[in-house]
Amino acid sequence: MTVVLDGQSLTLEKLKAVARDRETVEVAPQCWEKMEKCRAMLQKKIDAHEIMYGVNTGIGEFSEVVLDDEQVKTYQRFLVYSHAAGIGQPLPEEVVRGAMTSRINVHCHGHSGQRPVVTRTLVEMLNRGVTPVMFDRGSVGACGDLSPMAQMALVLIGEGEAFFRGRRLPGKEAMEQAGIPTITFEARDGLASINGSNVLTALLALTVYDVERWLKMSEIAAATTLECLKANMKPYDTRLHRERGFRGAIISAQNILKLTADSQILAQKGKRVQDAYSMRSTPQVVGAARDAVRYARSQIETELNGVGDNPIFIWEDDTVLTGANFQGTPVSLPGEMVGTAVSMVSVLSERRLNRLLNPALSVGLPPFLTEGAGMHSGLMLSQYTAGMLCAETRILSHTAANQSNPATADQ
């Protein structure tokens, strides 16, 4: 399958196909024409010495520093050098490929001002398997993912490092082995390659893709546990959830009822009037997670198909606009919701596990689900592992979106 990027139709599924499954990428033909028109407008303004942020000025605190013609030619290379300041471990290749795909889709709007050769080189890198080494620490989100994206941009100009056919190589060597010519950045090319929240968005897109499937598994596990514990199934009557009105809860209750529909165990009489919280609140908790994930998907796909860049060059109106379209908040806040939701669903699952293993609560099941209790410990230590994982989800879901500090001389 070839994924066609047009700036408008990139979904989580398509991003996953390129990033994880390594499907090939094409840019829709009309997008090349838009890029050419945008670049022509930009070049006209450069020739007229019109002041444009990040083109013939410095950036951040240096935005008032105007560059001369010679400086404009080399500035983009130095910009990438200075911004490639990340440290830590290399990001997973699928995240890097997702970020590259996202960046290409930004270019497809024809409002970033880069030369089309920059975008063509990124496409070739994806299709031939050259994955830049981008480190996992150094991005603050509030100013996009400048540091890791700069490490990506280094490979376009034959520097930095990249993975190719399972080996970590100098960027120039990786490009040579793949048969991809490196380029020399000209005006705007460097900043147009790096100035967005592409890493954050790719990471969250892949996470949400996986969490959507994980929530289905959580409902299957819940249904199995409810049957084992002879649950009262009234809390799963969809009429109850329609009365409250939350879409996710209705869907979750329907799924669990479908999974338990033919259960002879649950058809037996003698149920408790009301079960413990962990047995009756799954639609409310998993349903809320479903709603949070659905919102996150919508925000991510908006970002994937938007112009996350600064400045932007609207060739249709001969206008240059500066702002903060690189800002990561529109996707980071939904990401926080997803992390919290995963933690809450995990805790609920662990509490059901406790009821399966605890002989005081397991309605006649063998203690810790083992024969010969005492001689054998059964699944006792599995609960330890589950408890550890719950603690880890709480730590990892602690808010990060509000942790940015002022930088670049308080810019």
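Yes or no: the range 122-135 includes at least one residue that is surrounded by fewer than 24 Cβ atoms within 10 Å (Cβ to Cβ), at pLDDT below 95 and out of contact with any Ser or Thr (no Cβ under 8 Å at 6 or more places or on another chain).
No, because not a single residue in the range 122-135 is surrounded by fewer than 24 Cβ atoms within 10 Å (Cβ to Cβ), at pLDDT below 95 and out of contact with any Ser or Thr (no Cβ under 8 Å at 6 or more places or on another chain).
Might you let me know whether the range 295-303 holds any residue that is assigned by TED's automatic domain parsing to the domain that holds residue 211, surrounded by 15 or more Cβ atoms within 10 Å (Cβ to Cβ) and under 30 Å from residue 230 (Cα atoms)?
No; the residues of the range 295-303 include none that is assigned by TED's automatic domain parsing to the domain that holds residue 211, surrounded by 15 or more Cβ atoms within 10 Å (Cβ to Cβ) and under 30 Å from residue 230 (Cα atoms).
Here is a list: 27, 66. Which entry is surrounded by 12 or more Cβ atoms within 10 Å (Cβ to Cβ) and within 27 Å of residue 207 (Cα to Cα)?
Criteria check complete, one pass: 27.
Among the candidates 98, 160, 113, which residue alone is touching a residue at least 60 places away in the same chain (Cβ under 8 Å) and either surrounded by fewer than 22 Cβ atoms within 10 Å (Cβ to Cβ) or more than 27 Å from residue 4 (Cα to Cα) (or both)?
Answer to the check: 160.
Of everything in the range 71-90, what is of a type in the set (A, V, I, L, M, F, W, C), closer than 13 Å to residue 150 by Cβ and surrounded by 18 or more Cβ atoms within 10 Å (Cβ to Cβ)? Give them in sequence order.
Correct list: 79, 80, 84.
Test each condition in (1) surrounded by 19 or more Cβ atoms within 10 Å (Cβ to Cβ); (2) in contact (Cβ under 8 Å) with a residue 60 or more places away in the chain for residue 250 and report the one that comes out false.
(2)
Can you pull out every residue in the range 163-202 that is surrounded by fewer than 23 Cβ atoms within 10 Å (Cβ to Cβ) and either in a helix (DSSP H, G or I) or touching a Cys at 6+ places or on another chain (Cβ under 8 Å) (or both)?
172, 173, 176, 177, 178
Every residue, every condition in (1) in the same structural domain as residue 353 (by TED's automatic domain parsing); (2) in contact with a helix residue (DSSP H, G or I) (Cβ under 7 Å, 6 or more places away or on another chain); (3) not in a helix (DSSP H, G or I), yes or no:
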| position | (1), (2), (3) |
| --- | --- |
| 222 | yes, yes, no |
| 230 | yes, no, yes |
| 252 | yes, yes, no |
| 256 | yes, yes, no |
| 265 | yes, yes, yes |
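Would the range 240-247 turn up any residue that is small (Gly, Ala, Ser) and surrounded by 19 or more Cβ atoms within 10 Å (Cβ to Cβ)?
Looking through the range 240-247, none of the residues is small (Gly, Ala, Ser) and surrounded by 19 or more Cβ atoms within 10 Å (Cβ to Cβ).
Based on what the data block shows, is residue 8 of a type in the set (S, T, N, Q) and in a loop (DSSP other than H, G, I, E, B)?
So residue 8 fits the description; yes.
So which residues in the range 349-375 are of a type in the set (Ser, Thr, Tyr) and assigned to a helix (DSSP H, G or I), if there are any at all?
The one that is of a type in the set (Ser, Thr, Tyr) and assigned to a helix (DSSP H, G or I): 349.
Please verify whether the range 306-314 includes one or more residues that are surrounded by fewer than 16 Cβ atoms within 10 Å (Cβ to Cβ) and either of a type in the set (Gly, Ala, Ser) or closer than 30 Å to residue 145 by Cα (or both).
For the range 306-314, residues surrounded by fewer than 16 Cβ atoms within 10 Å (Cβ to Cβ) and either of a type in the set (Gly, Ala, Ser) or closer than 30 Å to residue 145 by Cα (or both): absent.
How many residues, within the range 199-234, are more than 30 Å from residue 10 (Cα to Cα) and of a type in the set (D, E, K, R)?
3
For residues in the range 9-35 being among the hydroxyl-bearing types (Ser, Thr, Tyr) and under 13 Å from residue 304 (Cβ atoms), which is farthest from the chain's Cα centre (by Cα)?
9
Looking at (1) in the same structural domain as residue 219 (by TED's automatic domain parsing); (2) loosely packed, with under 15 Cβ neighbours inside 10 Å; (3) in a loop (DSSP other than H, G, I, E, B), which one does residue 378 not meet, given that it meets all the others?
Among (1) in the same structural domain as residue 219 (by TED's automatic domain parsing); (2) loosely packed, with under 15 Cβ neighbours inside 10 Å; (3) in a loop (DSSP other than H, G, I, E, B), the lone unmet condition for residue 378 is (2).
Report yes if some residue within the range 36-54 is in contact with a Cys (Cβ under 8 Å, 6 or more places away or on another chain) and either over 15 Å from residue 114 (Cα atoms) or surrounded by 13 or more Cβ atoms within 10 Å (Cβ to Cβ) (or both); otherwise report no.
Looking through the range 36-54, none of the residues is in contact with a Cys (Cβ under 8 Å, 6 or more places away or on another chain) and either over 15 Å from residue 114 (Cα atoms) or surrounded by 13 or more Cβ atoms within 10 Å (Cβ to Cβ) (or both).
Go over the candidates 273, 345, 320 one by one and state the one that is surrounded by 21 or more Cβ atoms within 10 Å (Cβ to Cβ) and either under 18 Å from residue 223 (Cβ atoms) or touching a residue at least 12 places away in the same chain (Cβ under 8 Å) (or both).
One residue alone meets the criteria, 345.
Kindly provide the set of residues from the range 344-368 that are within 12 Å of residue 229 (Cβ to Cβ) and under 39 Å from the mean Cα position of the chain (by Cα), ordered by number.
Result: 351, 352, 353, 354, 355, 356, 357, 358.
The values are calculated or read from the model by the stated rules, or taken from the named source; none is laboratory data. Please read all numbers here as calculations on a predicted model, not as lab measurements. So basically every Cβ, Gly included, is an ideal-geometry build from the backbone, and we count neighbours across all protein chains shown.
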